[in-house]
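**Student:** Pasting in a structure now, in C-alpha cells, and then I'll have a few things to ask.
The values are calculated or read from the model by the stated rules, or taken from the named source; none is laboratory data. Predicted model only: the values in this text are computed from it and were never measured. Cβ atoms come from the backbone with ideal geometry, glycine included; neighbour counts cover every protein chain shown. In case anyone asks, the SASA skips ligands and DNA or RNA and just uses the protein heavy atoms, side chains included. Shrake-Rupley method; radii C 1.70, N 1.55, O 1.52, S 1.80 Å.
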Amino acid sequence: MSKLAQRAAELRRLLDHHNYQYYVEDKPEISDKEFDRLLKELEELEAAHPELATPDSPTRRVGGQPIDGFKTVHHRIPMLSIGKAFSADELREFDGRVRKALGKQPVEYVVELKIDGVAVSLTYTDGLLTLGATRGSGKAGDDITENLKTVRGVPLRLHTDAPPKSFEARGEVYMSKADFARLNEEVAARGEERYANPRNLSSGSLKQLDSRLTAKRRLRLFSYSVGSLEGTTLRTHLEALALLREYGFPVNPEIRSFDSIDEVIAYCDSWSEKRFDLPYETDGMVIKVNDFEQQRRLGATNKEPRWATAYKFEAEQAITTIREIKVEVGKYGELTPVAHFDPPVQLCGTTVSRATLHNAAQIEQKDIRVGDSVIVVKRGEIIPHVEQSLPEARNGKEKVFQFSKKCPACGAATAREPAAPTPSCTNTAACPAQLQGRLESFAKRERMNIEGLGEAIAEQLVEAKLVETVADIYRLKLDQLVALDRMGKKSAQNLLDEIEKSKTCGLARLLAGLSIYGVGETMATLLAEAFPSIDLLLAATKDELAGIKGFGPKRAESIYTFFHSPAGERMVSDLRAAGVKLTEDVKAKPTVGPLVGKTVVATGVLKNYSRKDIEDVVVRHGGKAAGSVSKKTDYVVAGEDAGSKLDKARQLGVPVLTEQEFARLIGAS
Ligand code: IVH
C-alpha cells in the first residue's frame, strides 16, 4: 500500500472510531473541531486521489448528488405496526392474552423506550450497507439509502470480520431535542417559521432528494430489531440487541427485562416524568416477548404482532376556555382560525395562550364554539392543539363561530370553494396579509435565502407600501429601508446585500419562492430540471407540464395559469429587469470517456459498489444507468448470484463485465 493509501485507511479507521464513540457509546474522545479536521483531511485526500475512496468511507456521510425521486422497496418481511395500551389495565389485558396463548410457560418481557422518530430498515450485503428504506405502507417503502448514509449512528459497514451474506437491522431515526432546538433557533433568528417537532423534521429530512441537506440535519439512530432471522442462531430479542450492539449499531441503554407484568408496569411508570429529561423525545414504551419461539407461536394479525404492545404516555393536557377566535390570512389567502385561551395553560413546561384550529372544516367537525371549555393537548410535546370541546360545560352563552364575509386584513370579499376546507380572501393581488405571507415565504432559507427578511420586516415593507409584489424587493433603496422602524443603516445595508445575493439563487429556488399553488421545493426542483430556463417554462404547454413526473393536470394548470396571467407576466418581466437569474445550471457531463453515451445495467451482488454507487459512477462518466437489459444495453456489470438479467445479456450478446473489469474500464483500478 502506498503512503497515501495507508493514511487514508488510518483516517477512515480513526473517523469511524470517533463516530462510534460519539454516536453509539455517547463518550466522545476528541472535540468536534478535531473530528472535522480529520474529516477534511480525508476529503481532500480522496478528492485528489479518487482511487483511494471506498464505498464505506466516512466522507460518504456528507451526502451525494441529488436524485429525481425515490425508488420503491418491497420489504422482505413486512414492517408491522404495533398495538397500543393506554393504561396499566390494558397492559394487564395484553399480558393475559400472551399467557393464555402460551399455556403455563414462563414469559420474559423486554421493555424499551418508544422513540418518537421515523422507522427505517437497513440492509447489509456482505457487511456493507446496500439499502436503506422507510417503513412506508409496511409492505413497501422508499429507497432512502443515500440519506441514511448521512445518519451518524448508521454503520456503513458491520463491525465484524465474518459478516452474514445479508443482514437487516431496523430502528428509529430521530433528532435530539438539542439539535432540534438549535436548528429551530437558527430558523427563528432569520425570522422564519419554526418547525413543529423533531419527528416531523426527521421525517422531512429523510425525504430530501438531496442527501447533502439530510446530512446537515444531524439525524441519529437507535436500532431495536433484526429484520430477518434466517441463517442466524439468535434465540431471543435480547440476543438480537446484543448482536446489533456488536455490529456497531446504537442500541438504547434504557432497555430492561422483567418476568412479571407488574414489574413491567412499574418500569413504564418510572418513565412517565423522567422522559422529559431525556435528550430525545419518546411517546411511550414498547413491551416485547423476549423469546423468539414464543413470538413465533403468538404470531401476528395482518397489522400487528401479538407478542408486542406499545404503552402510550398520555399527552399532557389541560382544560381552558376559548375567549376569542381570531382569523389569520395565509399566503394563498386561506383563512386560518386561531383560538385564544383564557386563561393560558401550562403544558409540558410552557405557557400556551393560543392554538391554531387549522380551518373551517375542523371547527365544524369538532363543534368548537367561542366561549367553549376545551381540552388542549401538546401533540408531539411541542405543538399545542385543541383536542375537543366540552359541550356538557356549556351555559348557553357560547357562540357558533362564523367566518366574516370580509377578509380581516384587507376587507375584500372571501369565498369558500365547494371542496375547500376553509374560505379564502379573494384579493390575491393586493391583500397586505397575503403579500406579507408571500414575502416571508420567498425569503426562506431553502428558497431565496434572504437573511433578515422575516415576519417583522415583511410586515413593515407591506405597511409602508414599499412593495406590491415579491419582485419589488429588488427595487428597494437604502434610504427607504433606513426609514423603517428599528432599522439602522448597517442592517439596512446588510439586507440590501442579502437581497442582491439572492439574485443568483437560480430558477429552482426562485420557483419555490413564488408561492405558486402546488409548487414547493421538491416540485420546483423537478420543474427547473424539466425546463431549465424561464423562457422554456413560459413556452411549455399544459400537457408538457402535466407530463413531468409527479405533476398531473391540476398542478400543471396552476403553474400555467400563474405564468400566463397578467400578474405572472409582470412578475417575470420585473424579475428579468432586476437581473434575477432565471435559469438553472445543468450539471456538466463529460463528453469523452469509455462510458459516454453508453447504457449500463448492474445486476447481482457487487462487492465494492452498492447498486446506487454504480449508477452514480455510470452517470458521472457520462453514461446512463438502466434497470433492465435490452438490445440498447452496452454493458452489463454482473456480480454474484446474477439471474435473469445476466441470462438476457448473454442471449442478446451484450458484453458482460465483472466488477473488476468495470473498475478497469473506468480507470478505477
Ligand atoms: S418495535 C412489531 N421498538 O414505534 C414491532 N418500535 O411500532 C416493531 N418505535 O413506527 C417495532 N421505538 O418505529 C419498536 N423500541 C422500539 C421503538 C419502536 C419506536 C416505533 C416504530 C414504529 C412504531 C410502532
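**Student:** With no solvent and one equal point scatterer per Cα, compute the Debye intensity ratio I(q)/I(0) for the range 499-653 at 0.09, 0.10, 0.11, 0.19 Å⁻¹ and report its log10, rounded to two decimals.
**Tutor:** -0.45, -0.54, -0.62, -1.05
**Student:** Another one. Please enumerate, by chain and number, the aspartates and glutamates with C-alpha under 17 Å from the C-alpha of LYS489, excluding those fewer than 8 residues away in the same chain.
**Tutor:** Cross-link targets: GLU451, ASP479, ASP497, GLU498, GLU500.
**Student:** How many angstrom lie between the C-alpha centres of the range 606-621 and the range 411-451?
**Tutor:** If we compute the Cα centre of each part, the gap is 44 Å.
**Student:** Hey, what does the equivalent ellipsoid look like for the range 112-168, semi-axes from the Cα gyration tensor as sqrt of 5 times each eigenvalue, largest first, whole Å?
**Tutor:** Equivalent ellipsoid semi-axes, largest first: 20, 14, 11 Å.
**Student:** Sticking with this structure for a sec: If you take the Cα Rg of the chain and divide it by 2.2 N^0.38 Å, with N the number of residues, what do you get?
**Tutor:** Scaled against compact globular proteins, the figure is 1.09.
**Student:** Taking θ as phi - 60°, what are the ³J(HN,Hα) couplings along the range 84-89 by the Karplus curve (6.51, -1.76, 1.60), each to the nearest whole Hz, with x for Gly and Pro?
**Tutor:** 10, 10, 9, 8, 4, 4
**Student:** Kirkwood Rh, Cα Rg: Rg to Rh for the range 529-589?
**Tutor:** Rounded to two decimals, Rg/Rh equals 1.00.
**Student:** Sort the following peptides by mean Cβ neighbour count (other Cβ atoms within 10 Å, averaged over residues), highest first: 2-11, 427-436, 316-325.
**Tutor:** Averaged packing, sorted descending, gives the order 427-436, 316-325, 2-11.
**Student:** Counting only the heavy atoms of the protein chains, how much of GLU304 is accessible to a 1.4 Å probe, in Å² to the nearest 10?
**Tutor:** That residue has around 50 Å² of solvent-accessible surface.
**Student:** Additional query: Count the lysine pairs in the range 76-161 that are 8 or more places apart or on different chains: how many have C-alpha atoms under 27 angstrom apart?
**Tutor:** Number of lysine pairs found: 8.
**Student:** ³J(HN,Hα) across the range 62-67 via Karplus (A = 6.51, B = -1.76, C = 1.60, θ = phi - 60°), whole Hz, x for Gly/Pro?
**Tutor:** Whole-Hz 3J(HN,Hα) from phi for the range 62-67: 8, x, x, 4, x, 10.
**Student:** In what sequence, largest accessible area first, do ARG235, ARG354, ARG509 appear using a 1.4 Å probe?
**Tutor:** I get ARG235, ARG354, ARG509, largest accessible area first.
**Student:** Solvent-accessible area of ASP616, probe 1.4 Å, all protein chains present, reported in Å² to the nearest ten, please.
**Tutor:** Ignoring ligands and nucleic acids, ASP616 comes out at about 40 Å².
**Student:** Here is a follow-up. Report the Cα centroid-to-centroid distance between the range 535-584 and the range 127-153 in angstrom, as an integer.
**Tutor:** 35 Å
**Student:** Right, next: Please list LYS607, LYS104 from largest to smallest accessible area, probe radius 1.4 Å, with all protein chains kept in place.
**Tutor:** My answer, sorted largest first, is LYS104, LYS607.
**Student:** On alpha carbon coordinates alone, what is the Rg over Rh value for the range 267-399, Rh being the Kirkwood radius?
**Tutor:** 1.12
**Student:** Further, regarding this structure: Listed highest first by mean packing, meaning other Cβ atoms within 10 Å per residue, what order do 599-606, 557-564, 200-207 come in?
**Tutor:** 599-606, 200-207, 557-564
**Student:** Where the accessible area of the range 316-448 is counted over protein heavy atoms with a 1.4 Å probe, how much of it, in %, is carbon and sulfur?
**Tutor:** 51 percent
**Student:** Related question: Return the subset of LYS40/LYS216; LYS27/LYS177; LYS216/LYS274; LYS71/LYS216 for which the Cα-Cα distance in this structure is over 25 Å, preserving the input order.
**Tutor:** Flagged as over cut-off: LYS216/LYS274.
**Student:** Under the definition of Cα pairs under 8 Å and six or more residues apart, what whole-number percent is the relative contact order of the range 421-563?
**Tutor:** 20 percent
**Student:** What's the carbon and sulfur percent of the range 211-250's accessible surface, probe 1.4 angstrom, rounded to a whole number?
**Tutor:** 51 percent
**Student:** Would you mind checking which residues have amide H under 5 Å from HIS75's amide H? H placed 1.01 Å from N; only 5 or more apart, or other chain.
**Tutor:** Close amide H contacts, sequence-distant or interchain: ALA140, GLY141.
**Student:** When only Cα pairs under 8 Å and 6 or more residues apart are kept, what is the percent relative contact order across the chain?
**Tutor:** Relative contact order of the chain: 10 percent.
**Student:** Under the Karplus relation 6.51 cos²θ - 1.76 cosθ + 1.60, θ = phi - 60°, what is the ordered set of whole-Hz ³J(HN,Hα) values for the range 226-242, x standing for Gly and Pro?
**Tutor:** Values, residue by residue: 9, x, 9, 9, 3, x, 10, 10, 5, 10, 9, 5, 5, 5, 4, 5, 5 Hz.
**Student:** Ignoring ligands, DNA and RNA, please state the percent of accessible area on the range 37-123 from carbon and sulfur, probe 1.4 Å.
**Tutor:** Accessible surface attributable to carbon and sulfur in the range 37-123 totals 55 percent.
**Student:** Averaged per residue, what accessible surface does the chain expose to a 1.4 Å probe, in Å²?
**Tutor:** Accessible area per residue: 50 Å².
**Student:** Then there is this: Would you mind checking the pairs LYS477/LYS581; LYS33/LYS607; LYS405/LYS542 and listing those with alpha carbons more than 32 angstrom apart?
**Tutor:** LYS33/LYS607; LYS405/LYS542
**Student:** Amide H to amide H under 5 Å from ALA85: which residues, 5+ apart in sequence or cross-chain, H placed 1.01 Å off N in plane?
**Tutor:** ALA310, TYR311, LYS312
**Student:** For LYS549, give me every one of the aspartates and glutamates with a C-alpha distance below 19 angstrom, ignoring sequence neighbours fewer than eight places off in its own chain.
**Tutor:** Candidates past the 8-residue exclusion: ASP68, ASP142, ASP143, ASP210, GLU521, GLU529, GLU557, GLU584.
**Student:** Considering Cα pairs under 8 angstrom that are at least six residues apart, work out the relative contact order of the range 528-663 and quote it in whole percent.
**Tutor:** 19 percent
**Student:** Taking the full set of protein chains and a 1.4 angstrom probe, give the accessible area of MET448 in square angstrom, rounded to the nearest 10.
**Tutor:** It works out to around 0 Å².
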